[in-house]
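One structure is given here, and the rest of the page talks about it.
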Amino acid sequence: MCKRGCCVIPSLGMQIPEILAPAGSMETLETACLYGAEAVYLGLRGDTNLRSGARNFTPDELETAVSFAHARGVKVYLALNTYPHDEELVRFGEIMSSAADSGVDAMIVSDIGVLHMARRIAPSLPLHLSTQANAINAHAINAWAELGVSRVILARELSSDEIRYIRGHSSVELEIFVHGSICISISGRCLISSYLCGRDANRGSCTQPCRWDYALLERTRQGSYMPVVEEDGYTYLYNSRDLCLLPVMGEVMRLGMDGLKIEGRNKTALYVATATSVYRSARDSFLKDPDGFTVQSVWLDEIGKISNREYFTGFFTGRPDASGMNYDFKGYSHTHHLAAKVLSVNGGETTFEARNPLIEGMELEWLSGSGLRQSFVLNGATAQGVPLKRIRPNEIFVMKTSFVPNPGELVRKPLSEGDKIVDRSV
Ligand code: SF4
């Protein structure tokens, strides 16, 4: 916890938790910074972090990312949280050697060997223990602290009572996930993808077979699939709903956490903008008036607009039962998609980059970095002075707006029937 007391909620004597957002690419990092993140976490290209499918960063891009984030007061945590075999450790050592120079604020590790290397190679860099290490009791957390970890990202399989107990019996910084996908196995310690596809979840390459729809096949009746039906469709044997602790944000805030983390390095800018903005608004609202805090319906509406497998509160409110699974999965639920991104503002004119097909007269909505939402109609768009009735994805266009956005801010569009979505930034 903060030793100076400047990061403490005065009336509660508790730590103010930072909002941590995922940065799977430079674009999502910039978006996270713009929409209220106080820290971002990211990984380098290759399989040294648990989202190897994300765009991720080259070493040069990492330096640019750190400069961009630090210029806005946002910390950067570098994920090195796979479980490597010996031959992979050389790469870890190289990354650690340059990590301190690149300016990252901490490294996130899981493997005790990686932790041991990091202490020797980059002793000045704080170490955060990844949720992948499954720290679920105070003894484990204190043991990790003795080994040099300054923050523990708790396993998702903990109830609020257990987190409270751990907070009361450890002095190391603690962080929890408040939002995003959740594994049916224990915090990702899962071999299904390795067995079925040869792609290892513990090296960030999970193919998410827990989300597939399964049927039963009898050995002598090859090709004859017997549906295992729950409700109307095939059974999704392991398909967990997504975590969302927004409905219990008051309780979350009273746990004295140091970080509240949003999952989603494979997600895109609109997801990061919306989730970061909502959790930041909820956190700030609590800080203004802890006793009068209530969860606002507008936040719940907003969080429902981004891609999700339907939400639940995970283990936080007690052991999930079958209702924690989405057995009748019909695809991701979301109500909006990304329409355009603001490139620049000049006087009353805004230059946008379209991200999906747009047509004059469409109703759009601007998402300001400060949390404001404003609807407007696409009207009078031009490209190099030529009026546009239809705008293609990636086309640059200029339009007069009644509001003054900032570069990097996003514009979304409600989904309607027949929408052909090109940029799946949901
Ligand atoms: S298969 Fe599912 S439960 Fe297993 S690691 Fe991948 S996402 Fe997690």
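Quick check on region 353-407: of everything there that is small (Gly, Ala, Ser) and in contact with a helix residue (DSSP H, G or I) (Cβ under 8 Å, 6 or more places away or on another chain), which residue is surrounded by the fewest Cβ atoms within 10 Å (Cβ to Cβ)? Write out each step before concluding.
We begin by selecting, within region 353-407, every residue small (Gly, Ala, Ser); these are 354, 361, 368-371, 375, 380-381, 383, 385, 402.
Applying the additional criterion that residues be in contact with a helix residue (DSSP H, G or I) (Cβ under 8 Å, 6 or more places away or on another chain) yields 369, 371.
Values: Gly369: 19, Gly371: 16.
If we take residues in region 353-407 being small (Gly, Ala, Ser) and in contact with a helix residue (DSSP H, G or I) (Cβ under 8 Å, 6 or more places away or on another chain), then Gly371 is surrounded by the fewest Cβ atoms within 10 Å (Cβ to Cβ).
Would you list the strands (runs of 3 or more DSSP E) that sit entirely within region 151-231 and hold 1 or more residues that are exposed (fewer than 14 other Cβ atoms within 10 Å of the Cβ) and of a type in the set (Ser, Thr, Tyr)?
Numbers: elements: 151-153, 173-180, 215-217, 225-227.
So the answer is 225-227.
Inside region 239-254, can you point out the residues that are surrounded by fewer than 19 Cβ atoms within 10 Å (Cβ to Cβ) and either within 13 Å of the ligand (Cβ to nearest atom) or not basic (Lys, Arg) (or both)? Working first, answer last.
If we filter region 239-254 for residues that are surrounded by fewer than 19 Cβ atoms within 10 Å (Cβ to Cβ), which is where we start, we get 247-248, 250-251, 254.
If the condition is that a residue be surrounded by fewer than 19 Cβ atoms within 10 Å (Cβ to Cβ) and either within 13 Å of the ligand (Cβ to nearest atom) or not basic (Lys, Arg) (or both), then Pro247, Val248, Gly250, Glu251 are the ones that fit.
Residue count for region 324-358, restricted to those that are polar (S, T, N, Q), more than 21 Å from Asp301 (Cα to Cα) and not in a loop (DSSP other than H, G, I, E, B): 4. Scanning region 180-206 for residues that are more than 9 Å from the ligand (Cβ to nearest atom) and touching a Gly at 6+ places or on another chain (Cβ under 8 Å) yields Gly180, Gly204, Ser205. The one condition from (1) more than 16 Å from the ligand (Cβ to nearest atom); (2) under 25 Å from His85 (Cα atoms); (3) touching an Asp or Glu at 6+ places or on another chain (Cβ under 6 Å) that Ser160 does not meet is (2). Within region 110-139, being in contact with a helix residue (DSSP H, G or I) (Cβ under 7 Å, 6 or more places away or on another chain), closer than 17 Å to Ile166 by Cβ and not in a loop (DSSP other than H, G, I, E, B) holds for Leu129, Ala138. Out of all the residues in region 207-224, which are hydroxyl-bearing (Ser, Thr, Tyr) and within 8 Å of the ligand (Cβ to nearest atom)? Passing the criteria: only Thr207. Within the set Phe352, Phe293, the sole residue that is assigned by TED's automatic domain parsing to the domain that holds Gly180 and either in contact (Cβ under 8 Å) with a residue 40 or more places away in the chain or farther than 30 Å from Pro387 by Cβ (or both) turns out to be Phe293.
Within region 299-325, residues that are in the same structural domain as Trp366 (by TED's automatic domain parsing) and of a type in the set (Asp, Glu) reach no partner that is modelled with pLDDT under 95 and part of a helix (DSSP H, G or I) with beta carbons closer than 8 Å at six or more positions or on different chains.
Being surrounded by 15 or more Cβ atoms within 10 Å (Cβ to Cβ), assigned to a loop (DSSP other than H, G, I, E, B) and in the same structural domain as Glu30 (by TED's automatic domain parsing) is the requirement here; does Leu260 meet it? For Leu260, the condition - surrounded by 15 or more Cβ atoms within 10 Å (Cβ to Cβ), assigned to a loop (DSSP other than H, G, I, E, B) and in the same structural domain as Glu30 (by TED's automatic domain parsing) - is not met.
The values are calculated or read from the model by the stated rules, or taken from the named source; none is laboratory data. In this text, all values refer to a predicted model and were calculated from it rather than measured experimentally. For neighbour counting, all protein chains shown are included, and Cβ atoms are generated from backbone atoms with ideal geometry for every residue, glycine included.
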